[in-house]
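Every number here is computed from the coordinates shown, using simple stated rules; none is lab data. These numbers were taken from a predicted model, which means no experiment stands behind them. With ideal geometry, Cβ positions are generated from the backbone for all residues, glycine too; neighbour counts draw on all protein chains shown.
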Amino acid sequence: MGGFVTTSPHCLRTRGVLLDRDGRVFARLPDVDLAPGRIVALTGTSGAGKTTALLALAGIRPPREGSIQVGDTDLWSLPPSGRDRLRGQRIGLVFQSFHLIDAVSVEENLRLAASCAGLRAEPGHLQTLLETLDIVAIRHRRADRLSQGQAQRVAVARALVNRPALVLADEPTSALDDGNARALLDLLARVVREQGAGLLIATHDRRALDAVDASLAMEAAG
Ligand SMILES: Nc1ncnc2c1ncn2[C@@H]1O[C@H](COP(=O)(O)OP(=O)(O)OP(=O)(O)O)[C@@H](O)[C@H]1O
Ligand SMILES: [Mg+2]
């Protein structure tokens, strides 16, 4: 399975992205130039389109207009199978509603994220993620038996297991107390710097906004 070689100075570059729902354009994503090792927040009130924007950036749901480049690759000109492969191998996603696989363990959720992308979860890296996110003790617990905060930390670990070049996180601290929110943001920031990944966080959380390099606000359109 071929890799995605990148010579672009950006992990993520967008131009003129317009988002629609029910056939109507309702939001514009400010142009993003996200360099490796940088963290950008995407802000906006509830319903402004942050999650819809992340779905477009992840290659899950197309924008109405505009271009989205992940590394050197124009995401939406790939065939669906290529987009799935790029997402699996290069993009780490933390969904607002987690989307863990309920019937299997925490550790199995992480391993499946690797095998679904045609990769293998590297044991040392897996252990580091479990330890740093404080989920070692629950590694064998089924995902449907976790608290919201535990599930959120597992979702973050899963997003990082394939050492992605781009991490997209949707409200990754919403279910966490201050201590765990701080630990999670520190971990994300560290991984971004160590791996030279870019991180885009959709958030209202002041604790997250304190940790970012820059902040972009969703704009209304239409
Ligand atoms: N599955 C869907 N089908 C139709 N409309 C949707 C769907 N999901 C979201 N929307 C609409 O799209 C708009 C943007 O929603 P979105 O979830 O992107 O906002 P958000 O900024 O992420 O909000 P929040 O801060 O509450 O998570 C809203 O008007 C919402 O009602
Ligand atoms: Mg949202």
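In the chain, the DSSP-assigned H stretches of four residues or longer account for a calculated mean residue ellipticity at 222 nm of -10000 deg cm²/dmol, using -39500 (n - 2.57) per stretch and the full residue count as denominator.
Given the chain, what percent of its DSSP beta bridges are antiparallel, to the nearest 5?
On the way: 17 of 34 bridges.
So the antiparallel bridges in the chain amount to around 50 percent.
Among Arg139, Arg13, rank each residue by its count of other Cβ atoms within 10 Å, from fewest to most, as a rough exposure measure.
Numbers: Arg139 17, Arg13 20.
Sorted ascending by nearby Cβ count, the order is Arg139, Arg13.
For the chain, the relative contact order comes to 32 percent (Cα pairs under 8 Å, sequence separation of at least 6). Note on the range 137-219: with charges restricted to the Cβ of Lys and Arg (+1) and Asp and Glu (-1), its dipole about the Cα centre is near 560 debye. Once the C-beta distance of Ser81 and Val104 is scaled by a Förster radius of 22 Å, the resulting FRET efficiency is 0.35 to the nearest 0.05. Only one residue of Val94, Val106, Ala117 has its Cα farthest out toward the positive end of the dipole of the range 81-124, where Lys and Arg carry +1 and Asp and Glu -1 on Cβ, and that residue is Ala117.
Dipole orientation for the range 31-78: of the candidates Leu57, Ile68, Leu78, Leu57 has the Cα lying most toward the positive pole (charges on Cβ; Lys, Arg +1; Asp, Glu -1).
To the nearest 0.05, how large is the calculated FRET efficiency for Ser147 and Ile60 if R₀ is 22 Å and r is the Cβ-Cβ distance? My answer for the efficiency is 0.25. Of all DSSP beta bridges confined to the range 93-222, the antiparallel ones make up roughly 10%. In this Cβ point-charge picture (+1 for Lys and Arg, -1 for Asp and Glu), the chain has a dipole of about 340 debye about its Cα centre. Here the 3J(HN,Hα) profile of the range 146-158, calculated from phi with Karplus coefficients 6.51, -1.76 and 1.60 at θ = phi - 60°, is 10, 6, 4, x, 5, 4, 5, 5, 5, 4, 5, 4, 4 Hz, Gly and Pro shown as x. For the range 12-220, the equivalent ellipsoid built from the Cα gyration tensor has semi-axes of 26, 19, 16 Å, listed from largest to smallest. Site pair Ser215 and Ser8 shows an inter-label distance of 2.7 nm when each label is modelled 7 Å from Cα along Cα→Cβ.
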